[in-house]
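First up is the structure itself, then whatever we jot down about it.
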Amino acid sequence: MKVICKSFFFFVVLSLLFSCRTDPQTSSSDDRSAELSIRLKRDPAKLNPMTYPSSLAREVYQYIIVPLADFDPVSLQLRPILIKEIPVAQPITEGQHKGGEKYTLEFLPEAKWDNGKSITAEDYLFTIKAIKNEQIDARGWRPYFEDLVDVIVDPDNNRKFEVVFSKPYMLAVEALVTANLFPKHIYDPNNATDVLNIDGTIKDKSNALDSTFVKNFNGVVHSREIVEGAGPYKLSGWETDQFLTLERKENYWASNSENPFLKALPQTIVFKIIPEELSALTLLESGDINVITGVSSANFEKLKDTSEEENKYNFHTPQLIFYYYLLTNNEDKILADANVRKALAYMSDVDQMISNFENGMATPQVGHFHSTKSYYNDKLKPLGYNLDKAKTLLNNSGWMDSDSDGVLDKIIDGKKTDLELEILVSKAELGRKVSLMLQSEAKKVGVNIELVTKSNGEIRNDTKSGNYQLNTAAVRQDANADDPFARWHSNGSSNLANYSNKTVDALIDELRITMSPESRDAIYKKIQEEMYDDVPSIFLYSPKERIIVSKNISATVTPKRPGYLANTFATKKVAIEQ
């Protein structure tokens, strides 16, 4: 599927989205049941859950590229989507993989791709090979499959297959079934990945993985021009920085399904790119959009407290498994000292942030693990705001104001070094507000913090390369148990904080092969205690999501990110003022 025209013209905020001939304008009819319009703050840039699993992109691609199973939006238990049932671990007691485990999966016989081709084990093999191949930008997924050593297809049924793990892994089932499935015949029509073993390596060293395939899968071809999956919608239009349009598939294989991930109630879902919140609220008022998420607390409360508006909108505040933090480079010559990191935590007035930025609709975040999880260590309390403790910690590490210029300094590598730090900020309002507050409090202690504004792309690149000190960031999680390896193990592929603690490494390694939930909970709590003392990053708070939906839309929300399933929204047959 080729995405239609790219736009290069300038536009005025309120005439946004109405200039290209492919622009899906809202019907003038009172009955708008065929279309649902949702505001996105930014263009998602790419739609490929393997190579670009951003939360913004997920709001769109979740209706196009679905996994084998997912966490039910209500029960938060795994629910089959493309397969007959959730697999159960079967111990391997003999043979090459003795001591490991295997899982048997079978695709639904009715599950098909858009061209009518059945979904088979070949598609799963392709997906796994792409995840495990080092040339594919799938580092966020790869750690979950490192012990997957074989996929055995049933010779009598190409929809049925066994997946073999060389050893028990705590999240094996979740990893196997929640990976988004890609159609091999669409993404790899020339069978480039046939040269790969199941572990992603080349079968014959005389061959090589086709560079065009790698370029396409990592780049725009397989994230903008070709975006296809087994979900109920297809991408029919994309105007950069203006809108994305999803159309309900005709003759869809699951058109009568009651599965929430396969429903397609709106005929069309339009994601309109509206960076300015006030402009988005204006379009909500006029009926040109129906749904706004991530609304600022001030505007959310203002609309909610206005009795007249209560008759026009529904207000939802699901508690997502999500938090804000200051990503901290533990390899930086200043921030390598845990006392400096902890001092920064004491300078961060989290209670004031929650009051000022969230109108109280948030809770302080203590460490990486969310308070909604059963293994959250509630004995660990927020450090709290305390400038005296911050200064004492810095003094204990040798930071003094030797020249009485108001800035703490210290001899590092034979040179007097001022305690000056840089924090990367984008145009995002909240990140800038948090940074400015920290800058103001730090100055009282004798620490200079400079805000360095860069684009989101530049910030991502600097963070991945370790070329930063501080960065405002967020973590969004799912309902499954956490595997902290990728983010917090010293060998983790997503360890952007460059955190290293041998005790934590050993605990994470033990956690990953511990199958008993009760035993895992104890290990989780030990990890939290170790990281609490280290302060590998500055954990701030977990906000509630704020969603406003037009009254004529029947909508439900969920703790599962992004907080709603637009494909389940139904439009009530009521008149809307024009």
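Nothing in this text is a laboratory measurement; each read-out follows from the coordinates by a stated rule. Everything quoted here is computed from the prediction, not taken from an experiment. Backbone-built Cβ (ideal geometry, glycine too); neighbour counts: all protein chains shown.
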Mind ranking 391-398, 343-350 by how tightly packed they are, going by the mean number of other C-beta atoms within 10 angstrom, highest first?
343-350, 391-398
What FRET efficiency would be calculated for the residue pair Asp405, Leu436, taking the C-beta separation as r and a Förster radius of 30 Å, to the nearest 0.05?
0.85
For a label point 7 Å along the Cα-to-beta-carbon line of Asn396, residues of the stretch 362-387 with backbone N under 20 Å
367, 380-387
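For Ser516 and Ala208 in the same chain, what is the full-extension length gain: residue separation times 0.36 nm, less their Cα-Cα distance, in nm?
106.7 nm
Starting from the Cα-Cα distance between Asp241 and Ser118, subtract it from 0.36 nm times their residue separation and give me the gain in nm to one decimal. Spell out each step's value before the answer.
Numbers: separation 123, 0.36 × 123 = 44.28 nm, distance 3.53 nm.
Extra length from Asp241 to Ser118 when fully extended: 40.8 nm.
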Once amide H atoms are placed 1.01 Å from N in the peptide plane, what residues at a sequence separation of 5 or more from Tyr313, or on another chain, have their amide H within under 5 Å of its amide H?
Lys551
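Can you tell me the order of 123-133, 447-457 when each peptide is scored by its average per-residue count of other Cβ atoms within 10 angstrom, highest first?
Values: 123-133: 22.9, 447-457: 15.1.
Going from most to least packed, we get 123-133, 447-457.
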Helical contribution to [θ] at 222 nm, DSSP H n ≥ 4, -39,500 (n - 2.57), averaged over the chain, rounded to 500
-7500 deg cm²/dmol
Give me the net charge for the shell around Asn339: Cβ to Cβ below 12 angstrom, other residues only, Lys and Arg +1, Asp and Glu -1.
+2
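Using per-residue counts of other Cβ atoms within 10 Å, averaged over each peptide, order 191-197, 144-150 from highest down. Each step should come with its number before you reach the end.
On the way: 191-197: 17.1, 144-150: 19.1.
The most tightly packed comes first, giving 144-150, 191-197.
With the cut-off at 1.5 for a/c, could you classify the chain from its C-alpha gyration tensor as rounded, prolate or oblate? List each step's numbers first, then the result.
Working: a/c = 1.76, a/b = 1.16, b/c = 1.52.
Because a/c hits 1.5 or more and a/b fails to exceed b/c, the chain counts as oblate.
What's the extension gain from Ser490 to Lys444 if we count 0.36 nm per residue and subtract their Cα-Cα distance?
Numbers: separation 46, 0.36 × 46 = 16.56 nm, distance 3.40 nm.
The Ser490-Lys444 span can extend by a further 13.2 nm.
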Residue-wise, which Karplus ³J(HN,Hα) couplings in Hz belong to the stretch 92-108, taking 6.51 cos²θ - 1.76 cosθ + 1.60, θ = phi - 60°, and x for glycine or proline?
9, 9, 7, x, 4, 10, 3, x, x, 9, 10, 9, 9, 10, 9, 6, 4
Once you sort the root eigenvalues of the Cα gyration tensor of the stretch 322-543 as a ≥ b ≥ c, which label holds: rounded (a/c under 1.5), prolate (a/b larger than b/c) or oblate (the other case)?
prolate
